[in-house]
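The values are calculated or read from the model by the stated rules, or taken from the named source; none is laboratory data. The structure presented is a predicted model; accordingly, all values stated were derived computationally and were not measured. Here the Cβ is made from the backbone with ideal geometry for all residues, glycine too, and neighbour counts use every protein chain on show. Areas reflect the complete protein model, heavy atoms only, side chains present, ligands, DNA and RNA absent. Shrake-Rupley method; radii C 1.70, N 1.55, O 1.52, S 1.80 Å.
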Amino acid sequence: MKNLIYTGLFITAIGVAQEQTMDQNPIDNQFEKLISESNDFNNYKVVKESDLKNLRANTSTYILELNERIEQLEESVALEKQAQIPLQEQLTAANTNVEQLNAEKDAISILGIAMNKDVYNIMVWSIVGLLAIALVSIILQYRKSNAVTQQAKAELATSEAELEELRRKSIEEKQLLGRQLQDERNKLSRLRTAN
C-alpha cells in the first residue's frame, strides 16, 4: 500500500515536471530572440557570430540537461518497475486466491469428494426423479395387486358360498336318501314280518 502511494506521487511529479519543461523551452526563446535582434540584408538575416556561438553552447547545454533528465527518468521508470514487481506478485497471489475461493464457493464436498454445485444439483434431482418414478411404480403395482386380491377374495367368497350351498344340498339329499332308505327298510321289515 505504501509503495502504491509512492508510485502515485512519483507519477504525478513526473507529469508536472514534463509540463514545465514543455512550457519552458529556452532554445526556442533564444532562436526567436536571435531572429528578432538580427539585421536584415537583401532578404537575409545577419546574425552576430558571438550570438550564434552562444546559441550553440546553450543548445549543447540544454541537450546535455535533457539527456541527464532522460537518464533520470529512465532510472526512475526502472525503479518504478522494480517497485511494481512485488505489487504484481501480490496482485497475482490475490487473483489466485480469489479464483481458489470462487472454486471452493462453487464446490460441495460429499463423503470427501469435492464436486461442483451444478453437478451436485443434477445428481440430487436425478435421484429425486428416480425415487419418484419408483414410488409411482410401487403404487401402481400395489393397486394392481390389491385389485387382483380383492377379485380373488370375491371369487373365494362366491366359491365358499357355492360350496356351502352344495354341502347343505348334499346333506339334505343325504338325509332324504337316508329317510327313504329307512322307509324302505321299514317297509321291507314289515313285509317280512307280515309274511
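Gyration tensor over the Cα atoms of the chain: the corresponding equivalent ellipsoid has semi-axes (square roots of 5 times the eigenvalues, largest first) of 133, 19, 9 Å. When the accessible area of the chain is computed with all protein chains present and a 1.4 Å probe, what percentage of it is carbon and sulfur? It is 58 percent, rounded to a whole number.
Extension gain for the segment GLN84 to SER159, taken as residue separation times 0.36 nm less the Cα-Cα distance, is 17.1 nm to one decimal. Across ALA78, ALA107, ALA157, mean-square fluctuation computed from a Gaussian network of the chain (C-alpha pairs under 10 Å connected) peaks at ALA157. Rounded to the nearest 20, the Cβ-based charge dipole of the chain about its Cα centre (Lys and Arg +1, Asp and Glu -1) stands at 3120 debye.
Computed from point charges on the beta carbon alone (+1 for Lys and Arg, -1 for Asp and Glu), the dipole magnitude for segment 87-169 about its Cα centre is near 580 Debye. Based on DSSP H segments of at least four residues, each scored -39500 (n - 2.57), the chain has a per-residue ellipticity at 222 nm of -32000 deg cm²/dmol.
I want the local charge near ARG185. Using Cβ-Cβ distances under 12 Å, sum +1 for each Lys or Arg and -1 for each Asp or Glu among the other residues. It would help to have the intermediate numbers written out before the result.
Values: positive: ARG179, LYS187, ARG190, ARG192; negative: ASP183, GLU184.
Local charge sum for ARG185: +2.
From the alpha carbon centroid of segment 48-62 to that of segment 110-181 is 119 Å.
Full extension of the chain segment joining SER38 with VAL148 gains 26.8 nm, where the gain is 0.36 nm per residue of separation less the Cα-Cα distance.
Tell me the relative contact order for the chain as a rounded percent, counting alpha carbon contacts under 8 Å between residues six or more apart.
Numbers: 33 pairs, mean separation 18.8, N = 195.
Relative contact order of the chain: 10 percent.
Note on LYS174 and LEU135: the model spin-label points, each 7 Å out from Cα along the C-beta direction, lie 5.7 nm apart.
Restricting segment 70-173 to chymotrypsin sites (Phe, Trp or Tyr not before Pro) that sit in a DSSP loop and have at most 11 other Cβ atoms within 10 Å of their own Cβ leaves nothing.
Among LEU177, LEU131, ASN102, which residue has its Cα positioned farthest towards the positive end of the charge dipole of the chain, with +1 placed on the Cβ of Lys and Arg, -1 on the Cβ of Asp and Glu, and the dipole taken about the Cα centre? Projecting each Cα onto the dipole axis, the largest value belongs to LEU177.
Protein heavy-atom accessible surface, 1.4 Å probe, per residue over the chain: 88 Å².
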